[in-house]
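Shown next, in structure tokens, is the structure this report addresses.
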Ligand SMILES: [Fe+2]
Ligand SMILES: [Fe+2]
């Protein structure tokens with residue numbers, strides 16, 4: 001197997017449509033739509049669920065890649081990444097079911113590969129910081145919001161399904177917290193670089209500035225502070241994340 005695997009080489013059935021993130025956002029703006037699904041309509045909800053579905057696939061592929069890429073990492077690290085592959089594969093099935101539940105289908109919306117490209121960081125510590133803590137931390141915020149909206153809509157299928165997935169994601173963020181610490185023990189420079197990579201992801205992947213500090217009823221996507229604390233985030237880290245969401249955002 002070659003490494004690294006280019007983002008456009010991921011194996012997909014023909015029904016998946018791949019586009020650059022920026023092109024998707026621009027196409028939506030040109031059509032007078034918000035660049036990120038605001039969950040105000042059924043189509044918008046399907047768009048969000050579809051986006052999560054392809055994210056789960058890439059999370060599965062990224063964790064699988066981490067099993068392979070770091071043969072010298074501690075055995076328990078490899079085991080955690082293998083466990084994550086298994087978890088993410090169940091999440092893919094869950095979101096396929098939810099897409100079906102909403103009357104959607106695979107390929108109804110394009111797939112972007114931003115997540116996969118973050119999973120290509122060369123250093124294992126940077127990868128778990130960026131993917132497990134950065135992106136899966138973002139997943140906790142997004143899932144928390146979905147659960148809240150599903151409850152308001154009176155849709156227990158979405159509410160409970162996403163709640164099950166959220167429980168796994170908290171575990172994945174915890175894994176990231178653990179391995180960031182263990183892999184960089186005694187190497188302050190490696191730790192600094194890994195955290196810098198995570199910070200850059202936290203700043204870029206902010207869903208157009210929708211993610212903010214505040215209650216569900218007040219902000220579009222509330223930072224899931226309780227889930228993040230469960231996942232090993234310190235109060236200081238949460239505070240730093242809140243500050244980063246207050247700056248201008250790209251994605
Ligand atoms: Fe997942
Ligand atoms: Fe995950």
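Testing the spin-label approximation: label points 7 Å from Cα along Cα→Cβ at residue 215 and residue 189. State their distance in nm.
About 4.9 nm separates the two model spin labels.
With a/c under 1.5 counting as rounded, go ahead and sort segment 10-245 into rounded, prolate or oblate using the C-alpha gyration tensor (a ≥ b ≥ c being the square roots of the eigenvalues; past the cut-off, prolate if a/b is larger than b/c, else oblate).
Prolate shape, in that a/c is at least 1.5 and a/b is the bigger ratio.
Please find, in a Gaussian network model of the chain (springs between Cα atoms separated by less than 10 Å), the residue of 181, 26, 144 whose mean-square fluctuation is greatest.
Evaluated over the chain, the most mobile residue of the options is 26.
What nm value, rounded to one decimal, do you get for the distance between residue 19 and residue 108 when each label is placed 7 Å out toward the C-beta?
In this crude label model, residue 19 to residue 108 measures out at 1.6 nm.
Anyone know which of 228, 20, 190 comes out most mobile in the 10 Å Cα GNM of the chain?
Result: 20 has the largest fluctuation of those listed.
Full extension from residue 182 to residue 9: what is 0.36 nm times the residue separation minus their Cα-Cα distance, to one decimal in nm?
59.1 nm
In nm, to one decimal, how far is the residue 167 label point from the residue 44 one, both placed 7 Å along Cα→Cβ?
In this crude spin-label approximation the distance works out to 3.1 nm.
Rounded to the nearest 0.05, what FRET efficiency do residue 100 and residue 204 give with R0 = 45 Å and r taken as the Cβ-Cβ distance? Could you check?
Rounded to the nearest 0.05, the efficiency is 0.90.
Calculated FRET efficiency, residue 89 and residue 239, Cβ-Cβ r, R0 41 Å, to nearest 0.05?
Once rounded, the FRET efficiency stands at 0.75.
Give the relative contact order (percent, whole number) for segment 10-245; include only Cα pairs under 8 Å separated by 6+ residues.
Worked out over segment 10-245, it gives 19 percent.
Run the helix sum for the chain: -39,500 (n - 2.57) per DSSP H stretch of 4+ residues, divided by residue count, reported at 222 nm to the nearest 500 deg cm²/dmol.
-20000 deg cm²/dmol, from helical runs alone.
Using only the alpha-carbon atoms, how far is helix 42-69 inclined from the longest principal axis of the chain? Give it as 0 to 90 degrees, nearest 10.
Long axis of 42-69 versus the principal axis of the chain: about 20 degrees.
May I ask for the distance between the Cα centers of segment 59-136 and segment 140-173, given as a whole number of Å?
Computed from Cα coordinates, the inter-centre distance equals 18 Å.
No value in this document is a laboratory result; all are computed from the given coordinates. All figures in this text were calculated on a predicted structure; none of them were measured in a lab. A quick note on method: Cβ atoms are made from the backbone with ideal geometry, for glycine too, and the neighbour counts reach across all protein chains shown.
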